[in-house]
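Scroll down for the structure; my scribbles are underneath it.
The values are calculated or read from the model by the stated rules, or taken from the named source; none is laboratory data. These numbers come from a predicted model, not from an experiment. Glycine gets a Cβ as well: all are built from the backbone with ideal geometry, and neighbour counts include every protein chain shown. Please note that ligands, DNA and RNA were not included when accessible areas were found on the heavy atoms of the full protein model with its side chains. Shrake-Rupley method; radii C 1.70, N 1.55, O 1.52, S 1.80 Å.
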Amino acid sequence: MRRAVSATIGGRLSLPLPRPLLVYTTQHRSRAVGGSLGRRNSASFFHSKSRGDHAEALVAVIDKEAANGATRVSIEDILERRAKAGRLVALTAAYSDSDMFKGPTTNKPKAKRWDHHLSPESAVREPCVLKSAAKHLKNPGLISLGGGLPCAEYFPFESLSLRVPAPPHFSETATRAPGGGADLRIGKYDVAAGVAEYDLSIALNYGQANGSAQMTRWVTEHTELVCDPPYADWRCALTVGSTAALEQALRMLCERGEALLTEEYSFSTAIETAGPLGVRVVGVEMDGEGLLPESMERILAGWDASRGPRPHVLYTVPSGQNPTGATQGERRRREIYEVARRWDVFILEDEPYYFLQMAPYQKGGRSNPDPAGAAAATMPVDEFLGGLIPSLLSMDVDGRVLRMDSFSKVVVPGSRLGWVTGSEQIIERYVRHAEVCNQGPSGFSQVILHKLLDEQWGHEGYLRWLMNLRGEYTKRRDVILGACEAYLPGEVVTWSAPAAGMFHWLKVDHTRHPSFPQQSILEIEEDIFNRCISKGVLVGRGSWFRAEQDKAPRDMFFRTTYAAATPENMTEAIGRLGAAIRESYGM
């Protein structure tokens, strides 16, 4: 497999372009000596420090981390690393990768190779020739007539203005109040003017398929803070949201006629994505904590070869699983990972709700301690991170996990922006696909989120935003659980309190329905659903989420969400759901 290394210069630049300087990297001491740091010198990607200053600064950072015995980066480390590296300048379509922004990984092993997991489609992909040709733009004095990059002078956007919350006051009321929020401006030529690292002339032009250098740096640092993958050659690539990332990952890893493991009740869009690709979905049994590793083991050990090749890919949502709301504890995740290692299964870890991990619910509609309370507002961010269940990526010593992160559930869904993290080999294959699929995420989304997350909030501000968001969704969860206690018939409806996410999963005992077994589970489910609609409440039918749609369900479920409705409307809706169930059961 070959990897393209490319950089381009495009658009209008009113200041003279500096000489090519050092690419940003903090990987190994060997790159900090002998006058050669990093693998790429690019006229469109450099920092403002001189080569000698940067080398000395880099050695100092590495020495400090080695002296402290630190293996995990902190926000302070990132700030120090940035300060010593100098201002990032990455012009139009500049090449970048996570190696340029990660901390030292000299004590970590490399990931395994995954050639045997790649589909023929993925294995034969070659680098995009146009993006590969752009590497020649680093040559001094070169005049480019090769790339079709439009001139930024003709972009009809001179500037964007934004008003955003100012940490730690994130409410709409505080943001709208005079002096409460922050007013931001993104101009077309801010980089040339020296007032920003990213602007509209860069963001709105063509870019690299793995995303801009500016956002690549940010997600790489964030991944270090949160997951700290235990192998050396991990990388990130920006995505057009996790749904698109999943589709690309399935095409990379699965062939027609193969099977994909997932929870027996799974994200309906994931099931609908796999089907047209010719990938059969196999459901793994669940309990209140999510996917059962012993069920996964049984499926793999007893696989009937007449059904096709044994599954070698698992898709799972470990935190606040959609639709069940189940959250895998640390031990459960380690057991799942060990089953995957025994049977050489590659894991797609989808974590849109990872940061919405909540305190345990107590009956009566209260959580203790309340994450939205005053104590949480002043909690150190490292304490917040330390309290999260470790991700599968953080346990992955092989590089067999591709983690999918997204801004959809925790910032704005319409950004259609997220990122994947995996081994260098897997990310390289992912980028090759993206080059001819979507060419990378929207420049508008990237520059707006960079302005908010990097320039305005920083890593600590973003983590505090997530802490606040967790508290807000915890209060919503408590409202819907309190309503369920008050209005649902406990004789036939049971549930477990969600420990994360946005969904509440209700089990309705079909065996106590007066029409069972004359009517099937699906018929009873449809009757209750139609009664809900007639009473003015929409809930999700559990059958919509069955991994194996060709099999009759064993139980009956309904999915509710506490994501958007007001507390008053949630309570009213649960009351209507309870009335529909009672009416169907003749109670």
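Here are the numbers:
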{"quantity": "Residue among Tyr198, Tyr265 that alone is open to solvent by 10 Å² or more (accessible area, probe 1.4 Å), in contact with a Lys or Arg (Cβ under 9 Å, 6 or more places away or on another chain), of a type in the set (Ser, Thr, Tyr) and at pLDDT 95 or above", "calculated": "Tyr265"}
{"quantity": "Residue among Leu88, Leu118, Leu79 that alone is at pLDDT 85 or above, surrounded by 15 or more Cβ atoms within 10 Å (Cβ to Cβ) and either touching a Pro at 6+ places or on another chain (Cβ under 9 Å) or over 30 Å from Gly146 (Cα atoms) (or both)", "calculated": "Leu118"}
{"quantity": "Meets criteria (under 22 Å from Asn210 (Cα atoms) and open to solvent by 60 Å² or more (accessible area, probe 1.4 Å)) for Arg416", "calculated": "yes"}
{"quantity": "Any chance Gly207 is surrounded by fewer than 20 Cβ atoms within 10 Å (Cβ to Cβ) and not in a helix (DSSP H, G or I)", "calculated": "no"}
{"quantity": "Search result, residues across the stretch 557-571 that are charged (D, E, K, R) and either buried (at least 16 other Cβ atoms within 10 Å of the Cβ) or in contact (Cβ under 8 Å) with a residue 40 or more places away in the chain (or both)", "calculated": "Arg559"}
{"quantity": "Answer residue from the stretch 121-139, given it is open to solvent by 80 Å² or more (accessible area, probe 1.4 Å) and under 31 Å from the mean Cα position of the chain (by Cα) and is farthest from Gln214 (Cα to Cα) among those", "calculated": "Val124"}
{"quantity": "Condition met for Leu118 (in contact (Cβ under 8 Å) with a residue 40 or more places away in the chain and closer than 30 Å to Leu466 by Cα)", "calculated": "no"}
{"quantity": "Meets criteria (open to solvent by less than 10 Å² (accessible area, probe 1.4 Å) and either of a type in the set (Gly, Ala, Ser) or within 18 Å of the chain's Cα centre (by Cα) (or both)) for Ala301", "calculated": "no"}
{"quantity": "Breaking point among (1) within 28 Å of Glu258 (Cβ to Cβ); (2) at pLDDT below 95, for Tyr361", "calculated": "(1)"}
{"quantity": "Flag if Ser96 is more than 23 Å from Arg400 (Cβ to Cβ), within 25 Å of the chain's Cα centre (by Cα), in the same structural domain as Val313 (by TED's automatic domain parsing) and of a type in the set (Ser, Thr, Tyr)", "calculated": "yes"}
{"quantity": "Identity of the residue in the stretch 156-179, part of a loop (DSSP other than H, G, I, E, B) and open to solvent by less than 30 Å² (accessible area, probe 1.4 Å), that ends up nearest to Ile448 (Cα to Cα)", "calculated": "Pro165"}
{"quantity": "Matching residues, the stretch 107-165, being assigned by TED's automatic domain parsing to the domain that holds Gln425 and of a type in the set (Ser, Thr, Tyr)", "calculated": "Ser119, Ser122, Ser132"}
{"quantity": "Residue within the stretch 538-559 that is out of contact with any Cys (no Cβ under 7 Å at 6 or more places or on another chain), assigned to a helix (DSSP H, G or I) and farther than 30 Å from Gln362 by Cβ present", "calculated": "yes"}
{"quantity": "Flag for Gly308 being open to solvent by 10 Å² or more (accessible area, probe 1.4 Å), more than 26 Å from Cys254 (Cβ to Cβ) and modelled with pLDDT under 95", "calculated": "no"}
{"quantity": "Odd one out for Leu142 among (1) in a loop (DSSP other than H, G, I, E, B); (2) under 27 Å from Thr220 (Cβ atoms); (3) open to solvent by 20 Å² or more (accessible area, probe 1.4 Å)", "calculated": "(2)"}
{"quantity": "Every pair of residues 6+ apart whose Cβ atoms lie under 6 Å, when the first sits in the stretch 311-339 and is assigned by TED's automatic domain parsing to the domain that holds Gln357 and closer than 19 Å to Ser496 by Cα while the second is in a strand (DSSP E or B) and of a type in the set (S, T, N, Q)", "calculated": "none"}
{"quantity": "Some residue of the stretch 483-493 being among the hydrophobic types (A, V, I, L, M, F, W, C) and closer than 21 Å to Gly329 by Cα", "calculated": "no"}
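So that you can scan it fast, the table gives a plain yes or no per residue for (1) open to solvent by 70 Å² or more (accessible area, probe 1.4 Å); (2) of a type outside the set (D, E, K, R); (3) closer than 30 Å to Gly275 by Cα:
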residue: Pro489; (1), (2), (3): no, yes, no
residue: Leu506; (1), (2), (3): no, yes, yes
residue: Thr511; (1), (2), (3): yes, yes, no
residue: Gln519; (1), (2), (3): no, yes, yes
residue: Asp555; (1), (2), (3): no, no, yes
residue: Gly578; (1), (2), (3): no, yes, no
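Residue by residue, here is whether (1) touching a Lys or Arg at 6+ places or on another chain (Cβ under 8 Å); (2) within 30 Å of Pro360 (Cβ to Cβ) holds:
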site: Gly283; (1), (2): yes, yes
site: Glu289; (1), (2): yes, yes
site: Leu292; (1), (2): no, yes
site: Gly302; (1), (2): no, no
